[in-house]
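The values are calculated or read from the model by the stated rules, or taken from the named source; none is laboratory data. Please read these numbers as outputs of a predicted model, since none were measured by experiment. Quick reminder, even Gly has a Cβ in these numbers, built from the backbone with ideal geometry, and neighbours come from all protein chains shown.
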Amino acid sequence: MFEYFYNETIRKTVIIFGNLFKNIEIRQTNNNNEVFFSGTVPIAYGPTQEFLARLRDVPDLNKPVEITLPRMSFEFVGISYDGQRKLPTTTSFCSKSVDGSGLRKAYMPAPYNLNFELSVMTKHNDDMLQIVEQILPYFQPNLKVSAIVLDSISEKRDLDIVLDNISMIDTYEGDFKDRRALIWTLKFTVKTYIFGPVSSQSLDSQIIKSVSIGLVSGNITNSPDRNSSIESTPRALKNYTGIVETILTKEISKEDEDIEVQNANNLIVNSYIDINDEEMLIIYKSENKLRVKRGQDGSEIKIHTSGSEVKKISPSDGELIPYGDDFGFSYSID
């Protein structure tokens, strides 16, 4: 039933969490409000008690405490299944592999909550307040972080990092005047996803590349004009690569069919573009002015402001069509 695979999801989540706090700084000033110390607060993985033990193991009281404090540590302390984010286990999706060997299939991931503790240790109250005020405004109570959680197919997910609780203690080690350590502990929950194995074989041979339907009425021999066919090739209905070709230089209303862009060199007639999820077909081009058919394939016709991004819908987008898309086969005969 089981097979070997390792997507490093939990390891990546630990790294992502630690990297959030690597650029915290403090500045200390004198009575004239002049900065005499400035630096980045070091952060390392490990329990708080380990760092307190290091303080006790340095008996040299002539060593400035500021060299050791402030510092931060974080630890992965628990994991639990999140049933509220559960998706159908039999649902799968396809995505292009990073090595270019074709599409790969994977099943929906299992939602798990990872629990972390971030400990902030300082000697001075002001140092502590500087650090926590650089953290707390971003958690109200959650911070959303986008990350690639499955390298083999570059699967990107939004991870919610929730601040659950804050506790504070004032610890004295040795002399009450010289060995003080303020400790704030911030508890977080990271809502992540753990993926199963990704298929090792390409699915390209299983994808419908084109469809041809023959329509015959009457006797073909006597009436050849009654024989006709419809052919359709799948294509993306929106941009998936995220590559921006140009921007609008003028606002367009819902009724406008003529638009102006900053640079139309890479846009060609009879190709599709994506502006704010509205699909348009270019039918005429003159320098940086385009005439388009709006709201293609049922996309919503919208008002677009100047500066809106214009993206091409190219064959590269066709390779990234997600599960559930109708692949451009929406077709009607009047």
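Here are the numbers for the structure shown:
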{"read-out": "Matching residues, region 280-319, being part of a strand (DSSP E or B), within 12 Å of L248 (Cα to Cα) and either of a type outside the set (A, V, I, L, M) or not assigned by TED's automatic domain parsing to the domain that holds N266 (or both)", "value": "K289, H304, E309, K311"}
{"read-out": "Sole exception among (1) at pLDDT below 90; (2) buried (at least 16 other Cβ atoms within 10 Å of the Cβ); (3) among the acidic types (D, E) for D325, by number", "value": "(2)"}
{"read-out": "Scan of region 9-50 for residues that are exposed (fewer than 12 other Cβ atoms within 10 Å of the Cβ) and in contact (Cβ under 8 Å) with a residue 40 or more places away in the chain, ordered by number", "value": "E25"}
{"read-out": "Tally, over region 251-271, of residues that are in contact (Cβ under 8 Å) with a residue 40 or more places away in the chain, surrounded by 14 or more Cβ atoms within 10 Å (Cβ to Cβ) and assigned to a loop (DSSP other than H, G, I, E, B)", "value": "3"}
{"read-out": "Complete set of residues in region 238-271 that are basic (K, R) and under 23 Å from the mean Cα position of the chain (by Cα)", "value": "K238"}
{"read-out": "Count of region 9-31 residues which are in a loop (DSSP other than H, G, I, E, B) and either of a type in the set (A, V, I, L, M, F, W, C) or not assigned by TED's automatic domain parsing to the domain that holds A44 (or both)", "value": "3"}
{"read-out": "Conditions (1) at pLDDT below 90; (2) closer than 25 Å to Y240 by Cα; (3) surrounded by 19 or more Cβ atoms within 10 Å (Cβ to Cβ): number failed by T192", "value": "(1)"}
{"read-out": "Qualifying residue in region 26-49 (condition: closer than 30 Å to Y107 by Cβ and either at pLDDT 90 or above or touching a strand residue (DSSP E or B) at 6+ places or on another chain (Cβ under 7 Å) (or both))", "value": "no"}
{"read-out": "E155 among the acidic types (D, E) and more than 19 Å from I43 (Cα to Cα)", "value": "yes"}
{"read-out": "Residue that is surrounded by the most Cβ atoms within 10 Å (Cβ to Cβ) [pool: residues in region 272-302 that are hydroxyl-bearing (S, T, Y) and under 28 Å from the mean Cα position of the chain (by Cα)]", "value": "Y272"}
{"read-out": "Residues of region 152-161 satisfying the condition of being surrounded by fewer than 13 Cβ atoms within 10 Å (Cβ to Cβ) and modelled with pLDDT under 85", "value": "K156"}
